[in-house]
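Structure, as structure tokens:
The values are calculated or read from the model by the stated rules, or taken from the named source; none is laboratory data. Everything numeric in this text was worked out from a predicted model, so none of it was measured. We place every Cβ from the backbone using ideal geometry, glycine too, and count neighbours over all the protein chains shown. Side chains included, ligands, DNA and RNA excluded: accessible areas come from the protein's heavy atoms. Shrake-Rupley method; radii C 1.70, N 1.55, O 1.52, S 1.80 Å.
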Amino acid sequence: MTPEVGNTEWFAVQVRARWEQSTSQILSGKGYEILLATYESGRKWGGRVRVIEAPLFPSYLFCRFDVWKRLPILVTPGVVGIVSRGRVPIAVEQSEISAIQAMTSGPAFYRGPM
């Protein structure tokens, strides 16, 4: 079952802590367009600094789907819910998604060791 592209919008999806990568892979496997914004961060482990990819928005990712066909999103492992006002999911504007894509698609920005 692949989602239709006709009447889709971007929505922020809340996921379990540290499940961003695996949930985005599952949703991509279901045929949805996903945006998981990440950045490189230096972490100290065992006296060494290692560079890891960390989510820019922890516990959130962006998914493009038809709001009336959201059940496959909600039953995906790791998904907590869709960002909503009351019970109505709020679409993220395309300009915001484009800005996030532009920021994360360029040269990787690095935040040094903490």
Next on the checklist: Tally up the residues in region 11-28 that are assigned to a helix (DSSP H, G or I) and touching a helix residue (DSSP H, G or I) at 6+ places or on another chain (Cβ under 8 Å), please.
Outcome noted: 1
Next on the checklist: Show the residue pairs meeting these rules: Cβ distance below 6 Å; 6+ apart or different chains; first residue within region 65-83 and at positive phi; second residue surrounded by fewer than 14 Cβ atoms within 10 Å (Cβ to Cβ) and not in a strand (DSSP E or B).
Outcome noted: Gly78/Arg16
Item to check | Subset tally (residues that are open to solvent by less than 60 Å² (accessible area, probe 1.4 Å), on the phi < 0 side of the Ramachandran plot and outside any strand (DSSP E or B)) for region 29-49 | outcome: 3
Checklist entry - Mind checking which residues of region 87-107 are open to solvent by 50 Å² or more (accessible area, probe 1.4 Å) and within 14 Å of Phe11 (Cβ to Cβ)? => result Arg87, Val88, Ile90, Glu93, Gln94, Glu96
Item to check | So Ile26, is it under 12 Å from the mean Cα position of the chain (by Cα) and not small (Gly, Ala, Ser) | outcome: yes
Next on the checklist: Quick check on Phe62: is it in contact with a helix residue (DSSP H, G or I) (Cβ under 9 Å, 6 or more places away or on another chain), open to solvent by less than 90 Å² (accessible area, probe 1.4 Å) and assigned to a strand (DSSP E or B)?
Outcome noted: yes
